[in-house]
Amino acid sequence: MVEIDPDFIQAPDNRPKPNVIEAENVPVIDLSPILDSSSNIEKDPLVFDELVRKIGSACKEWGFFHVINHGAPLESRQKIESVGKKFFGQKMEEKKKVRRDIVKVMGYYESEVTKSVRDWKEVFDFTFEEPTLIPASIDPHDKEVTHWYNQWPEFPPGMREAFQEYAQHMKKLSIKIMELIAVSLGLPAERFNEFFKDETSWIRLNHYPPCPNPDIALGIGSHKDTGALTVLAQDEVSGLEVRRKSDGEWLLVKPLPNAYIINVGDLIQVWSNDAYESIEHRVVLNTEKARLSYPFFLTPAHYTMVEPLKEFTNDENPPKYKPYNWGKFLATRKLGNFMKLGVDNIHTQHFMIT
Ligand SMILES: O=C(O)CCC(=O)C(=O)O
Ligand SMILES: [Fe+2]
């Protein structure tokens with residue numbers, strides 16, 4: 001029996017399959033060689049080369065991978081998880097005190113939509129930089145810049161401190177991974193770092209309540225992350241599915257304790273002129289257990305013009321994307337929701353040169 005609002009019902013082709021296929025052999029990358037201060041990489045280039053090779057092949061073949069021994073402390077993750085659960089466990093009137101709107105675009109929200117269908121979830125968003133600089137409008141000719149401020153609730157106490165501390169760990173980890181990805185692409189390790197000065201990176205807490213009809217609804221519909229890369233933490237409840245590149249089959253990615261999932265985002269795809277591709281993913285639900293996930297989206301400064309790097313283009317390999325302004329792109333996605341443009345009004349593929 002269908003018990004849910006029709007807004008949540010997915011078209012038949014997008015519904016989860018009755019037989020879940022678990023992803024096997026998802027790459028698990030051990031980052032201890034670059035964290036262990038006693039191991040001098042210069043003295044042991046073989047270990048470093050092997051790590052870079054593994055990252056490169058994970059990006060190429062899968063578009064995502066687990067990382068272990070990553071150096072981000074477990075206590076900080078446990079704190080964000082416990083405070084996050086307390087926040088979502090409150091009454092709606094309390095959560096709505098920090099509800100996002102057209103001016104305050106960070107905070108709580110319960111009506112996310114992916115490709116015109118409502119997601120069965122509620123979220124809490126905050127930016128890494130406080131405030132974050134962003135274009136004032138989506139008009140390409142308007143050069144005015146404004147600020148995005150976070151909204152922090154009074155309850156549970158300590159949410160701001162716990163979340164900000166966690167964000168620092170995610171920033172550090174994501175830059176390390178970007179450096180490894182750069183080397184795996186044959187670039188200097190720091191090649192991408194310049195883009196993340198004045199970054200617009202942000203964190204989202206996704207809370208997926210149990211759903212009476214998990215056969216026809218999704219926690220998040222199929223999408224690709226639009227930033228550079230995503231460092232995703234999930235609790236012990238499964239739900240993340242990725243679309244296998246070879247045959248388009250949806251595979252369930254089971255959480256590994258204290259590991260993070262790294263997703264290649266659209267910006268790496270554009271910068272590398274398709275050498276690495278971003279990965280399509282979605283979230284399936286269940287009738288009994290709520291699930292919490294908290295991705296960190298590493299994203300550049302608003303004034304960044306995103307385009308294939310010159311290192312990947314020449315006469316034989318022309319750029320596959322037109323340059324686009326990151327800030328305008330992000331503002332369009334965020335503000336579009338409130339201007340009735342539809343959340344999914346802009347996609348990276350709009351800039352593809354066909
Ligand atoms: O909940 C998850 O595992 C994935 C979340 C996600 O894809 C997103 O927030 O973009
Ligand atoms: Fe995502």
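The values are calculated or read from the model by the stated rules, or taken from the named source; none is laboratory data. Since the model is a prediction, treat every value here as computed from it, not as a measurement. No Cβ is skipped: glycine too gets one built from the backbone with ideal geometry, and neighbour counts run over all protein chains shown. Accessible surface is based on the protein model in full, side chains and every heavy atom, while ligands, DNA and RNA are left aside. Shrake-Rupley method; radii C 1.70, N 1.55, O 1.52, S 1.80 Å.
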Of the residues in the stretch 292-301 that are open to solvent by less than 10 Å² (accessible area, probe 1.4 Å) and not in a loop (DSSP other than H, G, I, E, B), the one that is nearest to ligand 2 (Cβ to nearest atom) is PRO295
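Each row is one residue, and each column tells you yes or no for (1) of a type in the set (Gly, Ala, Ser); (2) within 12 Å of ligand 1 (Cβ to nearest atom); (3) under 30 Å from GLU50 (Cα atoms); (4) in contact (Cβ under 8 Å) with a residue 40 or more places away in the chain.
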residue: LEU185; (1), (2), (3), (4): no, no, yes, yes
residue: PHE192; (1), (2), (3), (4): no, no, yes, yes
residue: TRP202; (1), (2), (3), (4): no, yes, no, yes
residue: PRO210; (1), (2), (3), (4): no, no, no, yes
residue: ASN213; (1), (2), (3), (4): no, no, no, yes
residue: GLY219; (1), (2), (3), (4): yes, yes, no, yes
residue: LYS224; (1), (2), (3), (4): no, yes, yes, yes
residue: GLY227; (1), (2), (3), (4): yes, yes, yes, yes
If LYS115 passes every condition in (1) without any contact (Cβ under 8 Å) to a residue 60 or more places away in the chain; (2) on the phi > 0 side of the Ramachandran plot but one, which one does it miss?
-> (1)
Is one or more of the residues making up the stretch 159-182 assigned to a loop (DSSP other than H, G, I, E, B) and open to solvent by less than 50 Å² (accessible area, probe 1.4 Å)?
-> no
Enumeration of residues in the stretch 49-92 that are open to solvent by 50 Å² or more (accessible area, probe 1.4 Å) and among the hydroxyl-bearing types (Ser, Thr, Tyr) = SER82
Condition met for ILE102 (of a type in the set (Val, Ile, Thr) and either farther than 21 Å from PRO156 by Cα or open to solvent by 60 Å² or more (accessible area, probe 1.4 Å) (or both)) | yes
Counting only residues that are within 11 Å of ligand 2 (Cβ to nearest atom), give me the strands (runs of 3 or more DSSP E) lying completely in the stretch 203-258 with at least 2 of them.
-> 220-223, 229-234, 240-243
Scan the stretch 69-87 and give yes if some residue there is part of a loop (DSSP other than H, G, I, E, B) and either more than 23 Å from the chain's Cα centre (by Cα) or modelled with pLDDT under 95 (or both), otherwise no.
-> no
Output for Cβ contacts, cut-off 8 Å, separation at least six or different chains, first residue open to solvent by less than 20 Å² (accessible area, probe 1.4 Å) in the stretch 317-332, second among the small types (Gly, Ala, Ser) and modelled with pLDDT of 95 or more, reads TRP326/ALA301; GLY327/ALA301
